[in-house]
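Before any comments, here is the structure.
The values are calculated or read from the model by the stated rules, or taken from the named source; none is laboratory data. The structure presented is a predicted model; accordingly, all values stated were derived computationally and were not measured. Positions of Cβ are backbone-derived with ideal geometry, glycine not excepted, and every protein chain shown enters the neighbour counts.
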Amino acid sequence: MNRDTIVIVDDEPSIVKMLQLVLQKEGFQHIYTAGTCREALDTIAKHGANIVLLDVMLPDGSGFELCSQIRQLGNPHILFLTAKASDLDVLTGFALGGDDYITKPFNPLEIAARIKARLRRRDESGQAPGASSLFTAAAQPIFRFGRFQVNEAAGELLVDGQPVSCPAQVFQLLLFFCKNPGIVFSKGQLYEAVWGIDGIGDDNTVMVHIRRIRERIEHDPSMPTHLLTVRGLGYKLAKDPTGL
């Protein structure tokens, strides 16, 4: 029996019921639901949450605003479920702390697969979402690239010697690049490696997280020297800041 806690925040009873049934069949037992922002905050404060499935349009507010409030209570994996699919909506969701984004209508089995993939990657790394690793620093080195360094054990990004805040999923993507410098990865390969499942159709997720990394490590995010775009192929982290 899976003991992870999932909170579904949506005001459409049919969607909530469908997700509950599918997730229960997939072995999840600790499932709570909320139809408003207020109910969601109360539920998460009371029961905690490892995963939050969050609608954007709620009766008493925006799921985008609620996402920021949830982040003040803890650091669950937040997956937006919404009919709002414009590039601006996707960018807004990620900017406010979302980890993944899927548009309605959706296959509930895909939601279950994404949740399982996220929890599997957490268990493989020995850490809860957003938490520092439990392994020793000796087993997880510090990666240094020009003006920035990543300390895997501490879950820390330093840029020009100063700590820079980095959301969990952004950190995991940057860490993946640090462990594989000079190698070109497609968007699909990156999604599968970091989010844990086939990344077809999730270009926006990867592109936004690439942008968020560049905003932290580059002098000029629009002209990167560390995290480079290889036209037609994907992205790579330069082994040194000259891009070689």
Practice problem: Output the qualifying pairs, or none if there are none: Cβ atoms under 6 angstrom, residues six or more apart or on different chains, first residue in the range 3-17 and more than 15 Å from Y32 (Cβ to Cβ) and basic (K, R), second residue surrounded by fewer than 22 Cβ atoms within 10 Å (Cβ to Cβ) and at pLDDT 95 or above. | Solution: none
Quiz item: Looking at the range 45-60, which of its residues are touching a strand residue (DSSP E or B) at 6+ places or on another chain (Cβ under 6 Å) and outside any strand (DSSP E or B)?
Solution: H47, G48, A49, N50, V56
Quiz item: Right, L66: over 17 Å from the mean Cα position of the chain (by Cα), in a helix (DSSP H, G or I) and not β-branched (V, I, T) or not?
Solution: no
Quiz item: Which of the residues that make up the range 31-84 are touching a residue at least 40 places away in the same chain (Cβ under 8 Å) and of a type in the set (D, E)?
Solution: D55
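Any residue that is assigned by TED's automatic domain parsing to the domain that holds L119 and closer than 18 Å to L119 by Cα - is there at least one of those in the range 7-18?
Within the range 7-18, one or more residues are assigned by TED's automatic domain parsing to the domain that holds L119 and closer than 18 Å to L119 by Cα.
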Quiz item: Which of the residues spanning the range 141-155 are buried (at least 19 other Cβ atoms within 10 Å of the Cβ), under 22 Å from the mean Cα position of the chain (by Cα), under 16 Å from A238 (Cα atoms) and not β-branched (V, I, T)?
Solution: F148
Practice problem: Output the residues belonging to the range 5-45 that are under 17 Å from I70 (Cα atoms) and not β-branched (V, I, T). | Solution: D10, Y32, A34, G35, C37, R38, E39, A40, L41, D42, A45
Quiz item: Within the range 38-88, how many residues are under 17 Å from P13 (Cα atoms) and in contact with a His (Cβ under 9 Å, 6 or more places away or on another chain)?
Solution: 1
Practice problem: Filter the range 166-197 for residues that are out of contact with any helix residue (DSSP H, G or I) (no Cβ under 6 Å at 6 or more places or on another chain) and not in a helix (DSSP H, G or I) and give the result. | Solution: C166, P167, N180, P181, G182, I183, V184, F185, S186, W195
